[in-house]
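S.K.: Handing you this structure, nothing more for now.
FYI, it's all coordinate maths here, none of it is from the lab. Model, not experiment: these values are computed from the prediction. Every residue, glycine as well, gets a Cβ built from its backbone with ideal geometry; the counts of neighbours run over all protein chains shown.
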Amino acid sequence: MEKSRTPQSRSPRRSSHAPRNRITRQLVNPDGNPVRSDDMGLADVGQRLTTLWARARGKVTTDISFAAHYAGRWYARTTTRIEEDEKARAQAAHLERHGYLVIEADDRVAEFVRTAYPQMKAAWDDQVGTWRDPPVGGTYKLFMSDVCERWPAVLDILDGTTAAMLRAYFRSHFQFSYVEPYRTFPAEGDLPKSWLWHYDAVAPGILKLMVYLNGASAETGALRVLDHDESRALERGGFRRRSDSAKYSSEFDRRQTVLEGAPGTAVIIDNRVLHKATAPERGIRDVVCFQILPSVVPTDVAKRRQPSPSYHARTPQFPFVPPLR
């Protein structure tokens with residue numbers, strides 16, 4: 001006697017004409033709407049896949065860079081012993097708590113402003129060894145190349161009062177990744193992205209030190225910042241990218257701190273607080289900037305080991321991986 005067989009259900013056969021899912025259906029336009037594969041040519045697909053790959057590679061690079069920075073900072077702190085004075089500790093504590101600090105010019109910085117800045121100003125005026133960014137448009141910065149080679153004393157800015165504070169902040173020696181002098185002018189037309197509120201794409205704890213060579217006020221382009229707490233509050237409120245600046249403009253106006261100072265004043269910020277450059281309403285603003293990192297060797301040794309500390313158009317901005325030298 002044969003056993004009865006229960007017919008097994010079969011999934012319906014896919015028609016050869018039925019549409020198939022494609023990876024291109026997961027892509028989106030810049031406005032966030034899905035892109036239909038039928039609307040895309042091979043060039044579009046290739047371009048979008050290239051963009052996705054670049055983003056993934058950038059994410060991996062960022063993670064590696066941040067991990068290297070954390071490891072480098074920990075190693076520098078555990079292998080060096082720094083003597084700190086009370087004033088430097090108090091300044092470092094303010095920087096850690098708020099994410100910014102203003103230091104008045106000491107004798108060393110005042111001497112540089114008095115003797116070297118007039119020559120730098122003449123080079124900017126005559127556009128000798130300078131280049132602009134962005135290369136087109138009405139609002140731009142005028143950068144200066146080879147500043148360390150042309151005015152070696154610029155590195156002395158990192159000595160004295162500023163150096164004591166930086167050692168207290170890092171609890172180790174420190175070094176810089178580049179020196180960046182530039183001039184800003186009153187705005188004409190659309191503002192470049194650096195004139196919008198933003199974080200810098202560097203690991204937390206890396207510092208930006210800016211010296212006002214000719215002073216800066218609210219009207220002449222002083223740097224604007226939000227402290228750590230205010231930056232986190234805006235982030236929780238929905239701020240994500242530079243393009244959100246206009247949306248939260250009233251909040252920024254209410255919460256911002258304007259870092260004003262006389263010639264030679266140094267302003268130091270943690271790159272992970274919200275900040276923005278400001279085009280002067282009148283006149284010009286000349287500055288020289290340093291990107292500061294921890295180091296396991298004394299700063300004067302790090303200076304000698306850095307072959308070309310001057311900033312160039314080709315200088316890589318990221319990642320900042322502190323070399324364990």
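S.K.: Sort 92-100, 75-83 by the packing proxy (mean of other Cβ within 10 Å over each peptide's residues), most packed first.
M.R.: Highest-to-lowest ranking by the protection proxy: 92-100, 75-83.
S.K.: Find the relative contact order for segment 51-305 and round it to a whole percent, using C-alpha pairs within less than 8 Å whose residues are 6+ positions apart.
M.R.: 30
S.K.: Out of Q119, P263, W197, whose Cα points farthest toward the positive end of the dipole of segment 51-305 (charges: +1 Lys, Arg; -1 Asp, Glu; placed on Cβ)?
M.R.: Of the options given, the answer is W197.
S.K.: How about segment 217-295: which GluC sites (Glu not before Pro) there lie in a loop by DSSP and see at most 15 other Cβ atoms within 10 Å?
M.R.: Here the sparse-neighbourhood loop sites are E219, E281.
S.K.: What is segment 51-305 by shape, rounded, prolate or oblate, if you read a ≥ b ≥ c off the alpha carbon gyration tensor as root eigenvalues and call it rounded for a/c under 1.5, prolate for a/b larger than b/c, and oblate otherwise?
M.R.: Rounded, since a/c falls under 1.5.
S.K.: Under a point-charge model restricted to the Cβ atoms of Lys and Arg (+1) and Asp and Glu (-1), what is the dipole moment magnitude of segment 137-296 relative to its Cα centre, in debye to the nearest 20?
M.R.: For this selection, approximately 440 debye.
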